[in-house]
């Protein structure tokens, strides 16, 4: 292979060339493929992570980029530390979401619903499923490609899909076990119904939006009221169409007591209120007193009437419904009555549970139209159409006055997260998983420390949700997903039931013929069928997919359940189904439980909790000991990024513009534990590459005229042909410029190193040969290695990135490279030592940065291998072919680093250089502020303690080399020159002041202005700290170390202020 001409390397890092070259190389070398054999033989430790499987509904977004970057950082580092790493990739079939996307496209492009797809050969269900499989293939390939462009080091040979054969076997086994253990049941429950997709969705798949609406009042006549009793009751609702399904009207059983309770609560609130809050609360109390006069007598009369069994006429229906007493009615609100529609309101459903005699009337078809339960006039109408008709008919029959009985309201409306259509509460037969014991096991896993959630605050979200122990509705009325493996047959009598139960033994015997020794060894259940009976139906569960067994069940009169399982059911098995469970595979033995989980807080309840409970239930072991919850990415306005808002950043746009390394490093740099990531969003003009700040106004426009070149470009909202013909403007963020600039800085420092390593000859370097800057760099390298390692161990990605950034940019590039330039100019021993240290430092830095910037580090590693294939300190050794599998610095696998003897940490020299860097920085600031030409020599004095002076004295050659500056005095007695620009230096135990002699260069007025500005800023800061320390509550409640820290900062600031005042006095 020809050597690279190092002197012709480009001045800017070519990320596109590096990405296309090195990912293919890593795959060809098999670096990402995990082998269970060395783990099972005890030769290597396992490290395994399962990817949160992205939905096959489209492209990845920036949240996926963040999540997968963090996982990749962990996996790449562990691979370098000598672990056998399995990063399991895959995608989720995303039942509701995927079917919704395909059905919407079907409607838009062909004007068809899924029910219109049947052919002579196939049912509509089969045709739709075939189409979704085509969609899946297309988008899974796209997602895989995006992850590879990002640099994700997944084991692609083991890529899984939640609906593939292996995962399907695990899903069926799990459902069968739950069914056999009596933890799955069929029951009628009120569910969230998506009328577009015609399926139930869970509470976690619902979002709420406020919409403008109305609050209608109308009246129900009382049947046969006695003299003096009310002749009608008034109710109010935002959903008048549901009155057709009312089964009762409720009044509070003790309205007087309830009003007293509300008043007591208001008075307690009033006692704690401030002056601004008091008037509103006092007004509420006055209104309550008025209600006692206007409403209470009627409410008490109707309460007594309810006890007597009084009935009400339900207008428009020719039905009568009872007046009942229930605490759901609120005497302090509205009329004090509430209509009860148990089949279409969750609160009313609970009332129905307390009063089973009122029953429940389901008035809706699955598509959202009204069914046969309502009067013929309203059948087939949509809810919206029925609302208009009901209001008009109530007005016509005198039960509603459209002039007085309606008011405007903002309504909190639930929507399906998948189809974006309004949710309808709907009473339906559903499959449920009993969550009492399962939820408790998952709670115990966290409270007992088996699984640790990081940051700890997210443990509360997890525990609060599980503590409700709500049964999990797992059935979905979809066609895409894991079909529920239950066959049903109705019966009319106990005799029929018993006959069916006996006949099931024939089916079980047929299933038994498929039992193998492998099944026995796997520890799977020896049962093949399980049977339940209730509510006139026999339910037959079949464990394995077997056409002969299923056909026998059909021939015996059984019909397979039409529903599929909730997507999260299969996702809950992901940590072990991907490894071959229920078979006891070598992969499962070696890598389960996994090592950690990295995910978003959005799915703590939907996914994390369910994986834990399933792991405990099926394998008696938690699926991971740690869960790291990373922050969310928000736009510059603090809003969640989403395609629907137009503020989402496409990671491929960022990769194209800045490079994958810049994207990854920028993400790591911003991923703190304490807050979400705010990322201002910009359009990039495709015509002139200018950036245009995104606003809430322009982010929803179909086209934008560039303010720089005046040429238009299209956005994601373009629909018209004229707009679609324009070039697309990428959406990105300036926050990734930090990553790009860092990569270019490292690239150029590497170019310097590579060109100065020509002629390098490896040899052992004795400590006595090292110069001061060499010992400092090697010590800092040791320190930053420890800092980065510790930070990554604790998921402090930002701390690791910032430590490496500061070292690489400020110390390696800006100081060491500058300091050693002169040593490379002359041949000899000094150059050889500098080359050895430079090669070792660059080698170590590349390894430290590789998990965050894999492509750049591999590119430089390859070039470094050309000029210094044998390198390292103290004794050089041959470097590996790839940084991807090079030992992590400081790890046991790194040659020469197995004990502390080789550690080069030197706190004194680091302190010496830290103070030198601070003083040098102050001198450079003065030179810049005073506009002193770089070539002009200057003199300075440093007032400091004796220990600092002793450290700074040997640094004089570096002051001369790097700032053309000479120290005239160092120490506690160092006097400032007559005309000096002074800079107080903070951050050290003792005060340091740098005084630069500017007599020959002084602009007195400019210097007075500069010092005056610094004085004003410090005066404000000192006042703030003094105010905090004078606050008795702060001093009493804050930790002692925090108070001491504030006192120390105050002393430093006051010393700086005094120095500035003295400098101003001289001027």
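The values are calculated or read from the model by the stated rules, or taken from the named source; none is laboratory data. Please read all numbers here as calculations on a predicted model, not as lab measurements. Here Cβ is always computed from backbone atoms with ideal geometry, including for glycine, and neighbour counts include all displayed protein chains.
Conditions (1) in contact with a strand residue (DSSP E or B) (Cβ under 6 Å, 6 or more places away or on another chain); (2) surrounded by fewer than 19 Cβ atoms within 10 Å (Cβ to Cβ); (3) assigned to a helix (DSSP H, G or I), marked per residue:
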site: 302; (1), (2), (3): yes, no, yes
site: 321; (1), (2), (3): yes, no, no
site: 351; (1), (2), (3): yes, no, yes
site: 361; (1), (2), (3): no, no, no
site: 374; (1), (2), (3): no, no, no
site: 380; (1), (2), (3): yes, yes, no
site: 386; (1), (2), (3): yes, no, yes
site: 394; (1), (2), (3): yes, no, yes
site: 400; (1), (2), (3): yes, no, no
Subset of region 30-49 [crowded, with 22+ Cβ neighbours inside 10 Å and over 22 Å from residue 882 (Cα atoms)]
39, 49
The listed residue being surrounded by 12 or more Cβ atoms within 10 Å (Cβ to Cβ) and under 25 Å from residue 322 (Cα atoms), out of 270, 288, 296, 266:
296
Residue hits (region 377-410; touching a helix residue (DSSP H, G or I) at 6+ places or on another chain (Cβ under 6 Å) and within 15 Å of residue 219 (Cα to Cα)) are 390, 391, 400, 402
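Which of the residues belonging to region 335-376 are without any contact (Cβ under 8 Å) to a residue 60 or more places away in the chain and either out of contact with any helix residue (DSSP H, G or I) (no Cβ under 9 Å at 6 or more places or on another chain) or closer than 19 Å to residue 302 by Cβ (or both)? Let's see the steps before the verdict.
Step one: filter region 335-376 for residues without any contact (Cβ under 8 Å) to a residue 60 or more places away in the chain, giving 347-348, 350, 353-354, 356-357, 365, 369, 371-372, 376.
The answer is 347, 348, 350, 353, 354, 356, 357, 365, 371, 372, 376.
Scan region 187-198 for residues that are closer than 25 Å to residue 436 by Cα and crowded, with 19+ Cβ neighbours inside 10 Å and jot them down.
Selection gives 190, 191, 192, 193.
Against the condition free of Cβ contacts under 8 Å to residues at least 24 places away in the same chain, assigned by TED's automatic domain parsing to the domain that holds residue 324, over 44 Å from the mean Cα position of the chain (by Cα) and not in a loop (DSSP other than H, G, I, E, B), how does residue 269 come out, does it pass? Let's see the steps before the verdict.
On the way: free of Cβ contacts under 8 Å to residues at least 24 places away in the same chain: yes; assigned by TED's automatic domain parsing to the domain that holds residue 324: yes; over 44 Å from the mean Cα position of the chain (by Cα): no; not in a loop (DSSP other than H, G, I, E, B): yes.
The answer is no for residue 269.
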Look through 1033, 1020, 1013 and report the one residue that is under 12 Å from residue 929 (Cβ atoms), in the same structural domain as residue 976 (by TED's automatic domain parsing) and loosely packed, with under 13 Cβ neighbours inside 10 Å.
1013
Candidate set from region 402-419 (those that are surrounded by 15 or more Cβ atoms within 10 Å (Cβ to Cβ) and part of a loop (DSSP other than H, G, I, E, B)); member that is modelled with the highest pLDDT:
405
Take the residues in region 176-186 that are in contact with a strand residue (DSSP E or B) (Cβ under 7 Å, 6 or more places away or on another chain) and crowded, with 17+ Cβ neighbours inside 10 Å, then tell me which one is farthest from residue 75 (Cα to Cα).
186
Residue pairs meeting the criteria (Cβ under 6 Å; at least 6 apart or on separate chains; first under 26 Å from residue 752 (Cα atoms), in region 11-36; second in a loop (DSSP other than H, G, I, E, B) and at pLDDT 95 or above)
15/659
Can you spot a residue in region 1006-1022 that is outside any helix (DSSP H, G or I) and either at pLDDT below 85 or under 14 Å from residue 926 (Cβ atoms) (or both)?
no
Identify, from the list 27, 109, the residue that is modelled with pLDDT under 90 and surrounded by fewer than 17 Cβ atoms within 10 Å (Cβ to Cβ).
109
Odd one out for residue 1004, checked against (1) under 24 Å from residue 1061 (Cα atoms); (2) exposed (fewer than 13 other Cβ atoms within 10 Å of the Cβ); (3) in contact with a helix residue (DSSP H, G or I) (Cβ under 9 Å, 6 or more places away or on another chain)
(3)
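Residues 976, 981, 990: which one is in the same structural domain as residue 917 (by TED's automatic domain parsing), assigned to a strand (DSSP E or B) and modelled with pLDDT under 95?
Numbers: 976 fails: assigned to a strand (DSSP E or B); 990 fails: assigned to a strand (DSSP E or B).
981 is the lone residue from the list that is in the same structural domain as residue 917 (by TED's automatic domain parsing), assigned to a strand (DSSP E or B) and modelled with pLDDT under 95.
Output the residues belonging to region 673-689 that are at negative phi and either surrounded by fewer than 15 Cβ atoms within 10 Å (Cβ to Cβ) or modelled with pLDDT under 90 (or both).
Filtering region 673-689 down to residues at negative phi leaves 673-688.
Across region 673-689, the qualifying residues are 673, 674, 675, 676, 677, 678, 679, 680, 681, 688.
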If a residue must be part of a loop (DSSP other than H, G, I, E, B), closer than 30 Å to residue 415 by Cα and touching a strand residue (DSSP E or B) at 6+ places or on another chain (Cβ under 7 Å), how many such residues does region 143-163 contain?
1
Selected residue [crowded, with 18+ Cβ neighbours inside 10 Å, at pLDDT 90 or above and not assigned by TED's automatic domain parsing to the domain that holds residue 860] from 943, 935
943
(1) more than 42 Å from the chain's Cα centre (by Cα); (2) touching a residue at least 40 places away in the same chain (Cβ under 8 Å): which one isn't true of residue 262, the others all being true?
(1)
